[in-house]
Amino acid sequence: MRHLPKVLIVEDESSIAELISVNLRHNGMTPIWAEDGESAQREIDAVLPDVILLDWMLPDQSGVIWARKWRNDARTKSVPILMLTAKSAENDKVTGLDAGADDYITKPFSTQELLARIRAVLRRRTPEQATDSVTIGCLHLDGATHRVTVLDAPIKIGPTEFKLLNFLMHHSERVHTRSQLLDKVWGDHVFIEERTVDVHVKRLREALGVAGMMVETVRGTGYRLTGQVQLEAITQPR
Ligand code: CA
């Protein structure tokens, strides 16, 4: 039997939750409704969903707080999170993405758009990723164990940043446009804004610490990972 994707809807407005549920069911998905973050946590503890639709404005804590929590939890860190938000200001979108959301959708949205985005994040769960190891300068990535070290010290890196680094390291010294990166790393970029790439590059650089400078911005074009940086600058203790 085909696996029906389980979609956890974290939304306090029952009319919206009901509308989404009906549409998900009609499209071969299994909706689970939680009206606040605490109930959502109980659902997650019981059965891990395939994707989480997370409302920004929740009665207990902001959806952003929950997104950050689930992104940092080993059990939920690779579950895609799609934030539902009535806010459309750029800062709010960036805050949501920084908290670990994979995408956001602004209310009011059409059910077709929502379904398309859910399918996109589900597809993105299984992108083609090299699983061999690669070393460039002081940077080492192990594709099988998902470990990254800088100067032999392991670093903490999020799942999207890992995928991005994996691609950049396997295609180093070349410049990749944002659109190419969306295509190769995210897998389906129809509904993702190019700004998303910048957010993840910023997070990747922060995760890499001193090796962050190996990820270069090529003005007007895109990004490149290079081993041709001043290695002395990296290896010299400050
Ligand atoms: Ca709400």
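What the table shows:
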{"read-out": "Region 6-123 - convex hull of the alpha-carbon atoms, volume per residue in Å³", "value": "90 Å³"}
{"read-out": "All aspartates and glutamates inside 17 Å of residue 77 as judged from Cα atoms, apart from same-chain residues fewer than 8 positions distant", "value": "43, 45, 50, 98, 102, 103, 161"}
{"read-out": "DSSP-loop GluC sites (Glu not before Pro) across region 127-176, with at most 15 other Cβ within 10 angstrom", "value": "128, 173"}
{"read-out": "The chain, Rg to Rh (Cα coordinates; Rh as Kirkwood inverse mean 1/r)", "value": "1.00"}
{"read-out": "Sorted by Cβ density within 10 Å, fewest first, the residues 83, 29, 214, 57", "value": "57, 29, 214, 83"}
{"read-out": "The chain, helix-only ellipticity at 222 nm - DSSP H runs n ≥ 4, -39,500 (n - 2.57), divided by all residues, nearest 500", "value": "-11000 deg cm²/dmol"}
{"read-out": "Label-to-label distance, nm, for residues given as residue 206 and residue 177 (7 Å Cα→Cβ offset)", "value": "2.9 nm"}
{"read-out": "Fraction of the pair-distance distribution of region 133-235 above 18 Å, Cα-Cα pairs, percent", "value": "42 percent"}
{"read-out": "Chain lengthening between residue 18 and residue 47 when straightened (0.36 nm per residue, less Cα-Cα)", "value": "8.4 nm"}
{"read-out": "Among 25, 205, 224: highest mean-square fluctuation, GNM of the chain, C-alpha pairs under 10 Å", "value": "25"}
{"read-out": "At least 15 Å along the helix axis (C-alpha) and Kyte average at least -1.0, DSSP helices within the chain", "value": "14-26, 111-123, 159-170, 195-208"}
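Bear in mind that the values in this text are calculations on the coordinates, not laboratory data. Please read these numbers as outputs of a predicted model, since none were measured by experiment. Here the Cβ is made from the backbone with ideal geometry for all residues, glycine too, and neighbour counts use every protein chain on show.
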